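The values are calculated or read from the model by the stated rules, or taken from the named source; none is laboratory data. Since we're looking at a predicted model, the values are computed, not measured. Cβ coordinates were reconstructed from backbone atoms using ideal geometry, including for glycine residues, and neighbour counts include every protein chain displayed.
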Amino acid sequence: ACVQEIIEQHHGTSLVSYFYQRALESERPEVVTENSFRYDSRKPQSKEAALVMLADSVEAAVRALQKPTPGRLEGLTRKIIKEKLHDGQLDECDLTLKDLDRIAQAFVRVLSGIFHSRIEYPENVLSEIERRKGKSAVVNQ
């Protein structure tokens with residue numbers, strides 16, 4: 001799949017649910033149609049386009065998580081993939097359920113690496129680490 005096609009397909013006909021929900025809460029929800037809040041594009045036609053769709057959706061949702069623990073990252077990742085599947089967004093590409101499971105595992109592995117918590121070292125330990133880095137830089141020159 002060429003990059004331009006992937007860009008064109010990566011939203012598919014997905015519902016922009018935040019704005020759709022806001023519209024339903026408006027003064028006249030009876031005039032709100034779901035199709036007015038869907039992207040007007042083609043569903044992903046290739047595995048690559050579907051992968052970009054899933055990655056884009058998961059990344060956006062994960063940014064909104066308050067405390068991204070590995071369990072929460074996995075739950076949200078699998079929820080989003082399931083929603084895309086049930087919404088028919090993956091109907092025109094040839095991803096299997098096994099592929100989707102592997103994709104979820106890969107996303108969770110990468111996201112857990114990005115969001116892992118760092119140990120807070122006391123100031124004296126940090127300055128010792130910096131001092132040692134300085135010595136090794138001199139030795140390696």
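Being among the hydrophobic types (A, V, I, L, M, F, W, C), loosely packed, with under 12 Cβ neighbours inside 10 Å and either farther than 16 Å from residue 84 by Cβ or under 21 Å from the mean Cα position of the chain (by Cα) (or both) is a property that residue 16 lacks. Within region 63-79, if we keep just the residues that are at pLDDT 95 or above and surrounded by fewer than 19 Cβ atoms within 10 Å (Cβ to Cβ), the residue that is farthest from residue 113 (Cα to Cα) turns out to be 79. Evaluation of residue 5 against the conditions (1) touching a residue at least 40 places away in the same chain (Cβ under 8 Å); (2) under 18 Å from the mean Cα position of the chain (by Cα); (3) assigned to a helix (DSSP H, G or I) shows that the sole unmet condition is (2). A search for C-beta distances below 6 Å between a residue of region 96-117 that is free of Cβ contacts under 8 Å to residues at least 40 places away in the same chain and any residue that is of a type in the set (Asp, Glu) and part of a helix (DSSP H, G or I), counting only pairs 6+ apart in sequence or on different chains, returns 108/74.
Which of the residues belonging to region 19-38 are outside any loop (DSSP other than H, G, I, E, B) and either more than 21 Å from the chain's Cα centre (by Cα) or touching a residue at least 40 places away in the same chain (Cβ under 8 Å) (or both)?
Residues of region 19-38 that are outside any loop (DSSP other than H, G, I, E, B), as a first pass: 19-24, 29-31, 34-38.
Hits for region 19-38 are 22, 23, 24, 29, 30, 31, 34, 35, 36.
Filtering region 80-93 down to residues that are of a type in the set (A, V, I, L, M, F, W, C) and in a loop (DSSP other than H, G, I, E, B), which residue is surrounded by the fewest Cβ atoms within 10 Å (Cβ to Cβ)?
Taking region 80-93 first, the residues of a type in the set (A, V, I, L, M, F, W, C) are 80-81, 85, 90, 93.
Next, from what is left, pick out any that are in a loop (DSSP other than H, G, I, E, B): 90, 93.
Numbers: 90: 22, 93: 20.
Filtering region 80-93 for residues that are of a type in the set (A, V, I, L, M, F, W, C) and in a loop (DSSP other than H, G, I, E, B), the one surrounded by the fewest Cβ atoms within 10 Å (Cβ to Cβ) comes out as 93.
Scanning region 89-99 for residues that are under 18 Å from the mean Cα position of the chain (by Cα) and closer than 15 Å to residue 43 by Cβ yields 89, 90, 95.
Conditions tested, residue by residue: (1) within 26 Å of residue 100 (Cα to Cα); (2) modelled with pLDDT of 95 or more.
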residue: 18; (1), (2): yes, no
residue: 23; (1), (2): no, no
residue: 27; (1), (2): no, no
residue: 30; (1), (2): no, no
residue: 44; (1), (2): yes, yes
residue: 52; (1), (2): yes, yes
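Got at least one residue in region 39-61 being surrounded by 10 or more Cβ atoms within 10 Å (Cβ to Cβ), touching a Pro at 6+ places or on another chain (Cβ under 8 Å) and not in a helix (DSSP H, G or I)? There is no residue in region 39-61 that is surrounded by 10 or more Cβ atoms within 10 Å (Cβ to Cβ), touching a Pro at 6+ places or on another chain (Cβ under 8 Å) and not in a helix (DSSP H, G or I).
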